[in-house]
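Have a look at the structure that comes next, please.
The values are calculated or read from the model by the stated rules, or taken from the named source; none is laboratory data. Owing to the predicted nature of the structure, the values given are computational and were not obtained by experimental measurement. Glycine also receives a Cβ, built like all others from the backbone with ideal geometry; neighbour counts cover every protein chain displayed. Surface areas here come from the heavy atoms of the whole protein model, side chains and all, with no ligands, DNA or RNA. Shrake-Rupley method; radii C 1.70, N 1.55, O 1.52, S 1.80 Å.
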Amino acid sequence: MTKRSDINFDEDKNYVPVLDHGFVGLIDHMGNDAAVVQAARVSYGAGTKQVQDDRNLIRYLVRHEHTTPIEMCEVKFHLKMPIFVMRQLVRHRTASINEYSARYSVMTDEFYIPELDQIAPQSTLNKQGREDFDEWDLTTRQDYQHAFMRVYHNSYKDYNYLLGKDGEGVARELSRMVLPVGGYTELYWKANLKNFLHMIRLRADHHAQWEIREYANAMYELAKPLFPEVCNAFEDYQQNCMRLSRMEIDLIKRLLSKDKWNDLVSDQRSEDNVAKVFGLSKRELTEFKGKLDLQ
């Protein structure tokens with residue numbers, strides 16, 4: 001298994017360290033923003049459209065979830081992460097994954113030890129999460145941290161006992177059963193850009209577990225420079241947007257009258273200025289008015 005010390009993070013900017021023993025590396029990709037535009041227009045070569053036209057087309061595709069052109073691009077990562085984090089990543093079944101095998105190879109003694117400020121009690125509101133703030137003192141946190149270390153030490157000791165000297169003990173595929181899910185695994189993970197961004201939207205969300213968020217954010221920051229317009233549109237229309245129910249939309253319509261809309265337009269002197277102030281294109285402003293019956 002690759003050690004973090006094997007990677008020169010200062011020289012290789014495609015790799016970043018994550019958690020205590022993990023890392024994320026963007027090792028390959030296919031396509032760019034122009035490839036998305038080309039697929040959408042079913043054209044050959046760069047075409048004659050202006051850069052601004054390409055940007056607006058990409059934003060339209062993302063806004064209306066026309067995803068096929070975005071699927072033409074791909075990203076491929078080299079990852080090292082705790083097994084329990086891997087179990088969350090593998091839920092995204094559209095990705096292609098190949099993982100380090102404990103049936104073929106011996107596992108290392110690298111285990112994830114949470115930092116003291118990440119050791120917290122069960123949330124009283126979220127059945128699958130921890131409290132964001134609590135009153136545990138330093139000694140309490142240290143005691144729990146030592147419990148992680150103790151369990152890891154004993155389980156790895158038993159793992160080596162089962163393997164036996166020179167591999168004369170129990171088979172690796174059975175010996176691995178005693179290892180906890182806090183142990184590190186290594187894998188290659190590849191997905192098209194659309195499915196990658198879907199993973200980011202779910203795993204970088206503040207509701208996701210902190211550890212998987214650290215990996216999702218690291219992966220996204222490495223990929224974003226390759227697809228800047230797609231990623232900016234993703235942030236505006238998917239990651240930082242809000243989905244409303246029919247009932248919520250009906251309520252907003254009741255609260256937002258046409259008179260208030262006309263007052264806003266009057267204050268900004270024109271609808272074009274309204275669009276400019278709020279960062280909308282003319283087309284987006286028209287779509288907004290249609291959604292709330294303001295036309």
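Got a number for the accessible area of THR286? Probe 1.4 Å, square angstrom, nearest 10.
Answer for THR286: close to 80 Å² accessible.
Probe of 1.4 angstrom, ligands and nucleic acids ignored: what's the accessible area per residue over segment 118-181, in square angstrom? Mind showing how you got there, number by number?
Numbers: 5050 Å² over 64 residues.
Result: 79 Å² per residue.
From the phi angles alone, apply the Karplus equation (6.51, -1.76, 1.60; θ = phi - 60°) to segment 136-146 and give each ³J(HN,Hα) in whole Hz, x where the residue is Gly or Pro.
Going residue by residue, I get 5, 8, 4, 4, 4, 5, 5, 4, 5, 5, 5 Hz, with x marking Gly and Pro.
Still on this structure: Quick one: in segment 189-295, what % of C-alpha pairs are over 20 Å apart?
On the way: 3117 of 5671 pairs.
Everything past 20 Å amounts to 55 percent.
Let me have the 222 nm mean residue ellipticity of the chain computed from DSSP H runs of 4+ only, each contributing -39500 (n - 2.57), with the sum over all residues rounded to the nearest 500.
Numbers: 12 runs with 129 residues, N = 295.
Theoretical 222 nm ellipticity from helices: -13000 deg cm²/dmol.
Ordering LEU244, LEU179 by how much accessible area each has at a 1.4 Å probe, largest first, what is the list?
Details: LEU244 70, LEU179 35 Å².
From most accessible down to least: LEU244, LEU179.
Now for a different question. May I have the extent of the alpha carbons of segment 164-243 along their three principal axes, as whole Å values ordered from largest to smallest?
Dimensions of segment 164-243 along the principal axes of its Cα atoms: 57, 26, 16 Å.
Which ³J(HN,Hα) values, rounded to whole Hz and listed in residue order, are derived for segment 152-159 from phi using the Karplus coefficients 6.51, -1.76 and 1.60 in 6.51 cos²θ - 1.76 cosθ + 1.60 with θ = phi - 60°, glycine and proline given as x?
Along segment 152-159, the couplings run 4, 4, 5, 5, 6, 4, 5, 4 Hz.
Near LYS194, which lysines are there with a Cα under 21 Å away, not counting those fewer than 8 places off in the same chain?
Counting by Cα, and skipping residues close in sequence, LYS194 has these lysines nearby: LYS76, LYS224.
Determine which aspartates and glutamates satisfy two conditions relative to LYS13: a Cα distance under 12 Å, and not lying fewer than 8 residues away in the same chain.
GLU221
So, one more: For a quick check of your reading of the filter: which trypsin sites (Lys or Arg not before Pro) in segment 196-243 sit in a DSSP loop and have no more than 10 other Cβ atoms within 10 Å?
Values: sites: ARG201, ARG203, ARG213, ARG243; in loops: ARG243.
Within segment 196-243, the qualifying trypsin sites (Lys or Arg not before Pro) (loop, at most 10 other Cβ atoms within 10 Å) are ARG243.
Separation of segment 188-248 and segment 132-156 by C-alpha centroid, Å?
Answer, in whole Å: 31.
Round to the nearest 10 and report in Å² the accessible area of HIS64, as given by a 1.4 Å probe over the protein chains' heavy atoms.
We get 70 Å² for HIS64.
So how do ASP134, ASP250 rank on accessible area, 1.4 Å probe, biggest first, that is with the largest at the start? Please list the in-between numbers first.
Numbers: ASP134 45, ASP250 65 Å².
I get ASP250, ASP134, largest accessible area first.
If you consider only alpha-carbon coordinates, what radius of gyration and Dmax does segment 81-206 have, in Å?
17.7, 50
Now a separate question. Below 8 Å, C-alpha to C-alpha, sequence gap of six or more: please give me the relative contact order for the chain in percent.
24 percent
Divide, for the chain, the radius of gyration over alpha carbons by 2.2 N^0.38 Å, where N is the residue count. Could you put the intermediate results ahead of the total?
Numbers: Rg = 24.7 Å, N = 295, 2.2 N^0.38 = 19.1 Å.
This ratio for the chain stands at 1.29.
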